[in-house]
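The values are calculated or read from the model by the stated rules, or taken from the named source; none is laboratory data. Computed from a prediction, not measured in an experiment: that's the story for all the values here. Here the Cβ positions follow ideal geometry from the backbone for every residue, glycine too, while neighbour counts run over all protein chains shown.
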Amino acid sequence: MLEASEFRVAIVGSGPSGFYAAEALFKSGAVAVDMFDRLPTPFGLVRGGVAPDHPKIKTVSAVFNRIAKLPGFRFFGNVEIGSSIGVDDLRQHYHAVIFACGAERDLRLGVAGEDLPGSHTATEFVGWYNGHPDYRERSFDLSKEVAVIIGQGNVAADVCRILATPVDDLKKTDIADHALEQLATSRIRDIYLIGRRGPAQAKFALAELRELGSIRDCNAIVDPRDLKLGAVCSVESVDQAHESIARNLAIFRDFSNRPLLHRKSIWFRFFQSPSAVLGGSRVRALQVTRCRLDGEPFKQLAIADGTVTDLECGIVFRSIGYRGSPIEGVPFDPHRGIFPNVEGRICDGYSVQRGLYAVGWIKRGPSGTIGVNRADSCATVASLLADKAHLAALEKPHSRNLQYLLNERGCRPVSYDEWLRIDTAEIDAGRARGKPREKFTRIENLLSAAGIASHAR
Amino acid sequence: MPVVVTDNCLRCRFTECVTVCPVACFHGDETMLYVEADECIECAACVSVCPVHAIYDVIDLPDDKKQWQAINAERAPALPVIDTKQTELPTAEARRLELGFR
């Protein structure tokens, strides 16, 4: 049991930035950390975002397991902050609250037809194949031969790989079974990756781009005309601080020289701005407008003033970035989709919200891989520790009564030990199917795997 | 593939890499850092933050730096983990300019 005199911190969200914040707090000395997640399971995008065919990245969860075993750490899964427990409740129980709740909503294109059946967000698709309970009941019409993905970043690459990879290869991953079943019936043969700007601006990381050219039985096609760089792009491509541009271009050049050997193809389409999703009862085509680039090196914008074409397709995914969602009681910047902050201290205009902090994507926006969040969380925790003496002096009269509050609100939290039971049960279920894990994809199944009886939920 | 630290780290040791490594797989001595390949999860976060481009994915290692894979494998396990930013070596700025990085 926690001592009333302890310095108590709540972390909202159990993805990488939350765990790295906990780690940094424990390194600073004696603290008690309670971590909340709305799902019964921890690890955020490591569980629900990282693609099933990237198992090596997922092994980072071993680091989180070690942090979770440190004395003073408690996990409260299945507790949503902002609904059952409010931010004000947390402020009464804890000296500080760190928001690590990520950026869960997709950016919108803002074009006509965006919400037609057959037009999806990458988030839905990624959540679906990764077994996220929110997306369990989605279905995707994979019966037409052409799919279009809008965006040229790593999430677009993930969506593309899952669509293009032979199901026999996916079977050996921890991809959700319901997704595997639907993907097995897929007739998709051509996948277009659409970007408004050119190959020098594509956001794919090197390894992710390379992978798109090494999928079994699948071509990766780049039009060599798109690789003739303009003067400004040439400047960008030799810039020492942006070495990755030259490396990506070399890969695109390789793709553009390959013979077409396979029935399935990934087409990289550059300088195309989506201007409308077309169709009656469902998606029939994506209308794109040819763009040119304008501006200084690294600040070039796509100006859509060229030829308009209709790209016939059966399904569209948009993968153009994310934004965070507001939580009642926390200032929100609706333009950037983040909690406004200065060095991690959450602010409302010029006024610092005492005891409220942000880490990860909800702090700085949706960019940076897992490790980038470690440095970012350490920076916020440094701000918090600078405020510690001041925060620790505040009385937290309700600090011992969290369990009482949870009971009163009808919450049945999932502890870390209970999560480990889910973990073991999933690994066992996977073994039977030759997979590293078979995720439970419905809340009730997760809770029963945790050993929580249905009347106690 | 895992990453490898090469000779550009010598006399620099800026240690930006260790702040973004999700699994703390950098080990080091007084002269430079090395990666424990078995611990690296291949996220490549460190590659782009090194001010002197000392870190490569194994498959991107230039021919004249290939020996560093074996050197990392040999030295990393015996050295302590470095997981917080260290002060760079006094020679770091001069070395950065010498290597042609701004």
Query raised in the report: Can we say A:I57 is among the β-branched types (V, I, T), within 14 Å of chain B (Cβ to nearest Cβ) and either under 30 Å from A:E408 (Cα atoms) or in contact with a strand residue (DSSP E or B) (Cβ under 8 Å, 6 or more places away or on another chain) (or both)?
Result: no
Report summary line: Out of (1) closer than 27 Å to A:G355 by Cα; (2) within 23 Å of the chain's Cα centre (by Cα); (3) within 14 Å of another protein chain (Cβ to nearest Cβ), the one A:T41 does not meet is (3)
Requested in this report: Report whether or not A:L163 is part of a helix (DSSP H, G or I) and in contact with a strand residue (DSSP E or B) (Cβ under 6 Å, 6 or more places away or on another chain).
Outcome: yes
Report task. Within region A:272-327, track down each residue that is closer than 30 Å to A:V235 by Cα, among the acidic types (D, E) and touching a residue at least 24 places away in the same chain (Cβ under 8 Å). Result -> A:E296
Requested in this report: Just give me the residues in region A:236-259 being assigned to a helix (DSSP H, G or I) and free of Cβ contacts under 8 Å to residues at least 12 places away in the same chain, in sequence order.
Outcome: A:Q240, A:A241, A:E243, A:A246, A:A250
Query raised in the report: Among the residues of region A:17-27, is any away from every other protein chain (no Cβ under 14 Å) and in contact with a Ser or Thr (Cβ under 7 Å, 6 or more places away or on another chain)?
Result: no
Query raised in the report: Would region A:356-366 turn up any residue that is more than 14 Å from chain B (Cβ to nearest Cβ), in contact with a strand residue (DSSP E or B) (Cβ under 8 Å, 6 or more places away or on another chain) and over 30 Å from B:V47 (Cβ atoms)?
Result: yes
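Which ranges mark the strands (runs of 3 or more DSSP E) fully within region A:38-140 that have 1 or more residues being of a type outside the set (A, V, I, L, M, F, W, C)? Outline the logic, then answer.
Numbers: elements: A:73-76, A:96-99, A:119-121.
Those strands (runs of 3 or more DSSP E) span A:73-76, A:119-121.
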Query - Residue tally, condition of a type in the set (G, A, S), within 15 Å of A:I320 (Cβ to Cβ) and modelled with pLDDT of 95 or more, over region A:108-152 - result: 3
Requested in this report: State whether the residues of region A:125-140 include one that is more than 28 Å from B:A44 (Cβ to Cβ), assigned by TED's automatic domain parsing to the domain that holds A:D294 and among the hydrophobic types (A, V, I, L, M, F, W, C).
Outcome: yes
